[in-house]
1. Just to confirm the number: angle between the C-alpha axis of helix 344-360 and the first principal axis of the chain, 0 to 90 degrees, nearest 10?
2. Calculate the spin-label point distance for residue 107 paired with residue 128, positioning each point 7 Å from the Cα along the beta-carbon direction, and give it in nanometres.
3. Rounded to the nearest 500, what is the 222 nm mean residue ellipticity of the chain from helices alone, with -39500 (n - 2.57) per DSSP H run of 4+ residues and division by all residues?
4. How would you rank 46, 434, going from fewest to most other Cβ atoms within 10 Å of each one's own Cβ?
5. Can you give the direction-averaged projected area of the convex hull of the alpha-carbon atoms in the range 24-131, in nm²?
6. Pairing the Cα long axis of helix 113-131 with the longest principal axis of the chain, what angle in degrees results, from 0 to 90 and rounded to the nearest 10?
7. List, largest first, the extents of the alpha carbons of the chain along their principal axes, each in whole Å.
8. How far, in nm, would the chain grow between residue 233 and residue 316 when pulled straight, counting 0.36 nm per residue and subtracting the alpha carbon separation?
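Every number here is computed from the coordinates shown, using simple stated rules; none is lab data. Everything numeric in this text was worked out from a predicted model, so none of it was measured. Heads up, the Cβs are rebuilt from the backbone with ideal geometry, glycines too, and the neighbour counts pull from every protein chain shown.
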Ligand code: PEP
Ligand code: MG
C-alpha cells in the first residue's frame, strides 16, 4: 500500500487498528438543561486540565494551547446553551456547538482546515468525558497504530507509549498530525489508500522514506528492511561520502514531496522516480493545474542542482479513476502511457504543471518520463509533447519486453533524452507472472531472460550516449545492483531508507 511518507525511517511491528468515528448515543439520565449544562461545563474543565497535564514538544505547544482557548471560549458555551435550550441532549449540544465552531474555521480557508479538524478531536474528548469513557490504553509491546485520522491531542499522548509507527487513511503530509508525528520522530505514512483493510495483529513494515506499507511482508522484505534498520543506525555519518565513490548515481524513489527531506537525509543524490499517482488516487476529479504546480514545486525546491525525474501518471487496471476514460482493448490497456493517450487533457495539464514548476525552480534539473511505453511511436509522441511545453529533458520507461526488441529499442533510444528501466513491470511481463507475487521484484529479476533484456537496454542507451537508470525494487538488491553497474547503468533509484545499506554493500 502506498501513501505519503512523513519523517524518516522504517518501523516494523504488529498493527493496532483504531477507528475514531464511532459515537455511542447516550445522554445523562434524566438531565434537564441545567444539569446537562453543569455536566458539560465540568467536562470542558476536565479536558482542559488533561491538556494542561500533557508535556507537548515545541511544535505541539501552540496547537494544544489554541485548543485550550477553544474550551474556554464564551461563544462556544453560548452556542452549547442554545442547543440545550432548543431541546438537544447533552451529547448533541456539545457535538453541534463544536461542529459549528469547526465549520466557521474551515470557512476561513484551507489554512484553517487543520484547526477545524483539531476542534473535532476536541469534541470527541469532551463527549468521551461526559460519557465517562476512559482514554485508550496502549499495549505494552511495540505497535504500529493504524487509524483513519489522529489529532494532536492523541499524538501528544502517544509519545510516551510503545508506538513505533503510524498509518492513517486520511490526512495530508502538511496536516498537524503529520507535523507532530515528524516532531516526535515517528515513522508515519498518511493518506494510505486501503488502510482500512489492515486488521489488528497484521504484521507491518512501514517505510516512511518512500510512503510504502507492506502488510504481511515476505522473508525477503523482512530481511532487506531488517538489515536496512541496522545499517541506518550505524552508518549515519559515512553514507553520503561512500556513495560518491560509486560509478553510478544513487537516487531516491518518492511518492510525495513530503518524503524529500528524508531522501536528502539518507544521502540521495537526486530523485530517480517520483511517482505522481498519489495526487490522483482516491480523487473524484483530476487534480488541478495549481494543485500539481504546488506539489512539483515543493519537490524541486528540495533538490536544487540535482536531477529530479518525475513520472507522469501511471494507472493500474485495479485502480480505475472516475474521471478517466478507459481504453477498450490492448494487452497493456489502461496502464501507463496508453491510458494517458486516451485522456490527453490529463497528460497535458500534468506536463504544463511540471513546466511551470521548473520555471519556479530553474536551478533543479527536472526530467520527465512516461511509464509503460509499448512502441517507438508512443515514445516519440511523449517526447514531442514534453519538449513542446518547454520540458527539455524527456525520457521513457522500459517496462515491457516488446520494446526491448532490438529494432524497436534502437528507434526509442534515438528519440529520447534518457531511459529508465522499471524492473518490477519488466519482470512480470517478461516472465508472464502476476506482479503481486512479491518475490518477483527482487528474486525473479535475476533470471537470465530478464537480465538479458536489461543488459541489452543499458548497452543500447550507452552506445547512443544516453543516461539509463533502474528504478524498480531490484535496484535496491545489492546482488542485482552490482550486475546493473557492471552492465553500465548510470543510476540506481531506490527507497531512501535502503540507500545506506546499498552503499555499504556496493563499496
Ligand atoms: C517498475 O515497474 O519497476 C516501476 C518502478 O514502476 P511501478 O513499480 O510504479 O510500476
Ligand atoms: Mg512500472
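1. With both axes taken from Cα atoms, the answer is about 80 degrees.
2. 3.0 nm
3. So the helix-based figure for the chain works out to -14000 deg cm²/dmol.
4. Least crowded to most crowded, the residues run 434, 46.
5. For the range 24-131, averaging the hull's shadow over all directions gives 6.8 nm².
6. On a 0 to 90 degree scale, this one is about 40.
7. Over the chain, Cα extents along the principal axes are 85, 47, 41 Å.
8. Length gained between residue 233 and residue 316: 26.3 nm.
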